[in-house]
Amino acid sequence: MPEETTSEAPSPSADAPDAFFVDVIDEALASYEALIGSPAAGADLGAVLPLHDGDVPLPDGATIAGAGTSVREWDDETFYAEQVIGLSDALTKADLEAFGAAAPSGWTYNSVSTTDSSSTLVMTRDGDQLRIVLMATPNPEEGEPPAELRLEQQTPSVPEPAWLSSLPAPDGGTLVAVAEGVGAVDINFTPAGGGLVTATWRYPVEQMDALLDYIASGSLEAAGFTLVDPDSFSFGASFIDVTAGEWTGQVIVGETVFEDSSAADLTWYLTRP
């Protein structure tokens, strides 16, 4: 369990944020959108996805179809970052094998595995264990790219993107996951489409009822969100559907169970078509 900043119950309401979500999200996602349509080899990937430090090999001729990142807590001392670009170019298993065979010095080509729907290459950088996961999907679903290149590495903490403060969450929680992206790319197994953001805060499990009271208190409306069915709280719902401009999604309160303990999580999940 992560160390909590306070054991006090969250306030049942909160002041409106300094900026509404719809007023900050376009600028926050603009750097990802600017990559779409660019040749991967010529794009300044490191300025948007810092794990691309210039030493990361890329498939020849690949064009970017989407981009995003996610960071999640693995345990109370370990966090993992995943930075991904969707590629508009179809790749075969043979292409992945050739990519692995041409691994530059300092990289270890681990394997290529195949399922009925995809082929996946794994490659690891020897010095810092930065991992490439390159997946080819011959018949992608709507919104998914035919290929994706993911970089995965341990990171010291969960970052706080610019849009985070526009999502109401009571004090006393620990931020344990964030994700953002746009385009033909999967972020946490969901196509990003016109945009995707999600964030999760963790609280002591004793605060579950207080969190439910918080999201039913008017805090979401004060932050510029519209509740799709406000009456759903009357029936004991632990989530609420919300909208803000073109964005739709859910605010969810749920219990996360560990081996010998549990916690209350507040999750925001928003997408744009």
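Data for the structure
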read-out	value
Selection status of ASP95, out of contact with any Asp or Glu (no Cβ under 8 Å at 6 or more places or on another chain), in contact (Cβ under 8 Å) with a residue 40 or more places away in the chain and among the charged types (D, E, K, R)	yes
Scope region 136-168; condition among the charged types (D, E, K, R) and buried (at least 17 other Cβ atoms within 10 Å of the Cβ); matching residues	GLU144, GLU148, ARG150, GLU152
Residues that are under 28 Å from ALA192 (Cβ atoms) and surrounded by 14 or more Cβ atoms within 10 Å (Cβ to Cβ), drawn from region 99-112	PHE99, GLY100, TRP107, ASN110, VAL112
Test for ASN139: is it outside any helix (DSSP H, G or I) and touching a strand residue (DSSP E or B) at 6+ places or on another chain (Cβ under 6 Å)	no
Candidate set: region 142-152, residues that are part of a strand (DSSP E or B) and within 16 Å of SER119 (Cβ to Cβ); chosen: the one nearest to the chain's Cα centre (by Cα)	ARG150
Considering residues of region 66-81 that are surrounded by fewer than 17 Cβ atoms within 10 Å (Cβ to Cβ) and of a type outside the set (Asp, Glu) only, the residue modelled with the highest pLDDT	TYR80
For VAL242: the one exception among (1) without any contact (Cβ under 8 Å) to a residue 40 or more places away in the chain; (2) surrounded by fewer than 16 Cβ atoms within 10 Å (Cβ to Cβ); (3) over 21 Å from ALA67 (Cα atoms)	(2)
Search result, residues across region 253-267 that are in contact with a Phe, Trp or Tyr (Cβ under 9 Å, 6 or more places away or on another chain) and either under 16 Å from PHE21 (Cβ atoms) or of a type in the set (Val, Ile, Thr) (or both)	VAL253, LEU266, THR267
Residue list for region 108-125, restricted to those being under 26 Å from the mean Cα position of the chain (by Cα) and in contact (Cβ under 8 Å) with a residue 12 or more places away in the chain	ASN110, VAL112, THR114, SER117, SER118, SER119, THR120, LEU121, VAL122, MET123, THR124, ARG125
Residue in region 169-217 that is surrounded by the most Cβ atoms within 10 Å (Cβ to Cβ), counting only those that are acidic (Asp, Glu) and in a strand (DSSP E or B)	GLU180
Test result for ASP128, out of contact with any strand residue (DSSP E or B) (no Cβ under 9 Å at 6 or more places or on another chain), acidic (Asp, Glu) and either at positive phi or surrounded by fewer than 17 Cβ atoms within 10 Å (Cβ to Cβ) (or both)	no
Qualifying residue in region 44-67 (condition: in a helix (DSSP H, G or I), within 28 Å of GLY173 (Cβ to Cβ), touching a residue at least 60 places away in the same chain (Cβ under 8 Å) and touching a strand residue (DSSP E or B) at 6+ places or on another chain (Cβ under 9 Å))	no
Options VAL84, VAL133; residue that is in contact with an Asp or Glu (Cβ under 7 Å, 6 or more places away or on another chain), surrounded by fewer than 19 Cβ atoms within 10 Å (Cβ to Cβ) and under 18 Å from PRO191 (Cα atoms)	VAL133
So ASP128, is it of a type in the set (D, E, K, R) and either assigned to a loop (DSSP other than H, G, I, E, B) or at pLDDT below 95 (or both)	yes
In region 113-123, residue surrounded by the fewest Cβ atoms within 10 Å (Cβ to Cβ) [restricted to those that are at pLDDT 95 or above and not β-branched (Val, Ile, Thr)]	SER113
Flag for GLU97 being at pLDDT 95 or above, over 20 Å from ALA40 (Cα atoms) and among the acidic types (Asp, Glu)	no
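The values are calculated or read from the model by the stated rules, or taken from the named source; none is laboratory data. No experiment lies behind these values; they were computed from the predicted model shown. Counting neighbours? That spans all protein chains shown, and the Cβs are built from the backbone with ideal geometry, glycine included.
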